[in-house]
Structure formats: C-alpha cells, structure tokens
Amino acid sequence: PAGELHLDFVLPGTVQNYRRQLELDKALATSFFDCSGIEFRREFFVSHLRDLIVGRISGSAAGSVTFRAEFTSQLRGESSASGNTLFFDGECPVHDRRDKIVWRDDSGRTGIKYQMRLQIVAENGTVLAEDGAIRVENADSVTLFLSIRSDFIDYSVLPGSDGVTPQEWCRQDLANIADFDSIYSEHLKDWQRIFCRSCLEFPPAPEDLLPTDKRLEIASRSADVSPNMAALLYHYGRYLLIS
C-alpha cells in the first residue's frame, strides 16, 4: 500500500454510542459517536469520476473538530506540508522478491515513484502546517480530499519514462475540487447508475434489524437463517465487484 493517513483527534471526553455503517446503495461509509454532549459524524467515499477519496468530519457544536493529520508508509519517502496541503513523496523498491529487497539498482534507479496529497478545507477554525503534518483546530467541520498517483504507465514501459509526474497528476486532481455535497451528488449518480440495476429482498425477519456482526453470529450457529442475510451478501458482492 502507498501508506496510511493518520488522524489524531482531540476530544472533549469519553466516546459513547459509537456506531458505523456502510450504505451499499450509496457507497458511503459513515461513523457516529457522542462525546460530552456533542454528536460527531465522519463520512467517506471514493469518487470514481474524480479519482479522489473524499471525507467529511463534523461535530454538532461549533469549533468541536480538532485533530492532527500526517502520512506514514512502509515504503521510503518524505512527508511535507504547506498551507492546507499534506504531501508524501514515496518510492518503491526496484527489486522485491522473496526475502531480498533492493531499493535502488547500481545506476541509482528506483522502482515506481508516487505521491499522496491531502488537501484540507475547514469551515471556521484554523489549519496550520507543522513539521511535515497539519493541525486543524476548533473547526465546525472539515472536508478531506486525498489524491494518490504514481508514475506507472503499463507493464511494457519503464515507470517514469513517459507521461505526467505523480505530483502533476495530484495537482490536477485537486485543481477543481468542489464542496463535499456537490462531489457526493456526482458520486451517487455515478454509483447508482450501476448498483441500482439489480435488487434482491425477501419478507423481513426479526433479526434483519440487528447489526451485521450479530446477524453473522446467528448465521454461524443456526440452520434457520433469514433469506435477507443472503440478499445482503449478494449486494455486498456487487458492491465489491463494482468498486
């Protein structure tokens, strides 16, 4: 994997009522929780049209969103930050087979090079770049736009020998971003154009209202399983296939 985006939050107390969901018909992953009377919400989706991972983090109280964002990776690279944008410029080994890893060959050539670029847009509050990371303080809500690009072309062409650099691809991806709701509306139409071609559902059973992990637990120890468990797996399979 290219790396990980770490978001280290400052919260006003103990987290309660934590729950998360994946809406298959909307391709939207959401988590919710309460903390000291504030309701926090985190929504993420991947825009196929824009080649971006998009997320929104919000709280029900003004100025409740504070966190530090930074990239890490098991691959070699360098993190940096400027303004409201976080960067990681990485490189893959030129050779990695069995237990032998060679990061550069005798001529100094590396493997595939790539960039992760995160742009942070805050509603109120402050956004500060510091020591290769970005700190967001006292925002009402924050939208994250993440682009990941490499210099891979195809199997027959040496990476980086032709075409636009990963840095330029990322810059182009983030050049004309809109607000969360506009991009999500595009994403939803694009997603449902394929996902809504098919529907499978059965008469409801009582366990259909339980969380998915509980439904799976029931299915593992009972021969009498709600048909809608099969429908859920059918739609989840389509979700993965389309993705």
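Apply the a/c threshold of 1.5 to the C-alpha gyration tensor of the range 1-103 and tell me whether it is rounded, prolate or oblate.
Values: a/c = 2.27, a/b = 1.82, b/c = 1.25.
Prolate, since a/c reaches 1.5 and a/b exceeds b/c.
Mind listing which trypsin sites (Lys or Arg not before Pro) in the range 137-243 are in a DSSP loop and have 13 or fewer other Cβ atoms within 10 Å? Show your work: numbers first, answer last.
Working: sites: ARG149, ARG171, LYS189, ARG193, ARG197, LYS214, ARG215, ARG221, ARG238; in loops: ARG197.
In loop regions of the range 137-243 (DSSP not H, G, I, E or B), the sparsely surrounded trypsin sites (Lys or Arg not before Pro) are ARG197.
Semi-axes of the equivalent ellipsoid of the range 105-184 are 33, 16, 8 Å, computed as sqrt(5λ) over the eigenvalues of the C-alpha gyration tensor in descending order. Between the C-alpha center of the range 214-243 and that of the range 156-211 there is a gap of 23 Å. Applying D = kT/(6 pi eta Rh) to the range 121-243, where Rh is the Kirkwood radius over alpha-carbon pairs, T corresponds to 37 °C and eta to 0.692 mPa s, the Stokes-Einstein value obtained is 168 µm²/s. In order along the range 65-79, the Karplus-derived 3J(HN,Hα) couplings, from 6.51 cos²θ - 1.76 cosθ + 1.60 at θ = phi - 60°, round to 9, 9, 7, 10, 10, 8, 9, 9, 7, 7, 8, 6, x, 9, 8 Hz, and Gly and Pro are given as x. Residues in the chain average 60 Å² of solvent-accessible surface per residue, probe 1.4 Å, ligands and nucleic acids excluded. Here the accessible area is traced with a 1.4 Å probe on the protein chains. For the chain, carbon and sulfur cover 50 percent of it.
The values are calculated or read from the model by the stated rules, or taken from the named source; none is laboratory data. Just so it is clear, the structure is predicted and the values come from calculations on it, not from any experiment. Cβ: placed from backbone, ideal geometry, glycine included. Neighbour counts: every protein chain shown. Remember, those area values only see protein heavy atoms, side chains included, never the ligands or the DNA or RNA. Shrake-Rupley method; radii C 1.70, N 1.55, O 1.52, S 1.80 Å.
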